[in-house]
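The values are calculated or read from the model by the stated rules, or taken from the named source; none is laboratory data. No experiment lies behind these values; they were computed from the predicted model shown. Cβ sites come from the backbone with ideal geometry, for glycine too, and all protein chains shown count toward neighbours. Surface areas here come from the heavy atoms of the whole protein model, side chains and all, with no ligands, DNA or RNA. Shrake-Rupley method; radii C 1.70, N 1.55, O 1.52, S 1.80 Å.
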Amino acid sequence: MAITGKNVVVTGATGGIGSAIARALDAAGCRLLLTGRSAAKLTTLASGLQGRDHVTLAADLTSRAGVEQLGAAAAQFSASALVNCLGVNQLSALDDTNYSDVDQIIATNLTAPINVCSTLLPLLQSREKATIINVGSILGSIGYAGSTVYCASKFGLRGFTEALRRELADSKVKVVYFAPRATNTELNSDRARQMNQELGNAVDSPEWVAQQLVSALEVDKSLNRYLGWPERFFVGLNGLLPSVVDSALFRQLATIKRYYRVGQPLDISNRRAS
Ligand SMILES: NC(=O)c1ccc[n+]([C@@H]2O[C@H](COP(=O)([O-])OP(=O)(O)OC[C@H]3O[C@@H](n4cnc5c(N)ncnc54)[C@H](OP(=O)(O)O)[C@@H]3O)[C@@H](O)[C@H]2O)c1
């Protein structure tokens, strides 16, 4: 399906993957409502796009006020697609993860996209055709040491997206769960990047991930899209034979533990919207 002229809301638009998605959708002729927390980053992003009628909104989507602001802006913008791409991450042992880090990860990666979906749903249901794409992760299907809370948030988002897809199966709203593997963005700390390198984990470019998302939007049907091989294979294997994946990942555990952040602020605490 041609997506030219489609009005798309992108959350997390100031991030590595979100800004690549914004550029790819702009190039495909979509009109965009771009949102993130940083007004400065939104202005820079929008000024680099070809389309001149994109809209930006700086809002913290972990707050009720932020989600309501987005709902009002999306109604005025006549949105017909939503790409939920906000997220935070950390690499740490669970016993080195404090309550506020847990709250922030769950609020950003799970509660915020749920609230954004429910707030925009009446609008999307009123459209001739509409699509919701929730950006999860391969770690939304495979539990990974050092990423316990992130995995919990992304497993939750995958379950929410699957249930929503089934709830909307008799409607005109398509629901897509889109799961990248490791991608080269600031979401990953230097420590996480070094760990991926040592483990030989493939790392995709945000531009390639964005192209895959555009093609998922073009398909115009509900689906799950997992990016990368052998990650896709391991998602299936983990569902069928988790103990085999336990053994494979146990061989990585000592290496992963060397990269846990100990006695320092967690990655997400160092990141500030500017
Ligand atoms: N990078 C990877 O390796 C990878 C792999 C698999 C899945 N993913 C998923 O892909 C998505 C995008 O990740 P990324 O790599 O592009 O991350 P990123 O570069 O760190 O960008 C994160 C985005 O989330 C926004 N955000 C964070 N907290 C927010 C809040 N409270 N309210 C509103 N917006 C908020 C940030 O906005 P500001 O910058 O304006 O604050 C930014 O736009 C995430 O869901 C992530 O879990 C990433």
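Things to note:
- When the residues of region 26-57 are filtered to those that are within 16 Å of the chain's Cα centre (by Cα) and not hydroxyl-bearing (Ser, Thr, Tyr), the one that is surrounded by the fewest Cβ atoms within 10 Å (Cβ to Cβ) is Arg37.
- Per this entry, Tyr150 is not counted among residues that are outside any loop (DSSP other than H, G, I, E, B) and touching a strand residue (DSSP E or B) at 6+ places or on another chain (Cβ under 9 Å).
- Yes/no for Ala192 being open to solvent by 40 Å² or more (accessible area, probe 1.4 Å), under 30 Å from Ser100 (Cα atoms) and among the hydrophobic types (A, V, I, L, M, F, W, C): no
- Among the residues of region 172-187, those that are more than 14 Å from the ligand (Cβ to nearest atom) and either in contact with a Gly (Cβ under 8 Å, 6 or more places away or on another chain) or of a type in the set (Lys, Arg) (or both) comprise Lys172, Lys174.
- In region 83-104, the condition of being part of a helix (DSSP H, G or I) and within 13 Å of the chain's Cα centre (by Cα) is met by no residue.
- Some residue of region 165-177 being among the aliphatic types (A, V, I, L, M) and out of contact with any Lys or Arg (no Cβ under 9 Å at 6 or more places or on another chain): yes
- Close pairs from region 54-81: first in contact (Cβ under 8 Å) with a residue 12 or more places away in the chain, partner away from the ligand (no atom under 14 Å from the Cβ) and open to solvent by 30 Å² or more (accessible area, probe 1.4 Å), Cβ under 7 Å, at least 6 apart: His54/Arg31; Ala73/Val55; Ala74/Leu123; Ala75/Leu123; Phe77/Val55; Ala79/Leu123; Ser80/Arg127; Ser80/Lys129
- Of all residues in region 19-76, exactly one satisfies the criterion of being farther than 21 Å from Glu186 by Cβ, part of a helix (DSSP H, G or I), within 13 Å of the ligand (Cβ to nearest atom) and among the polar types (S, T, N, Q), namely Gln69.
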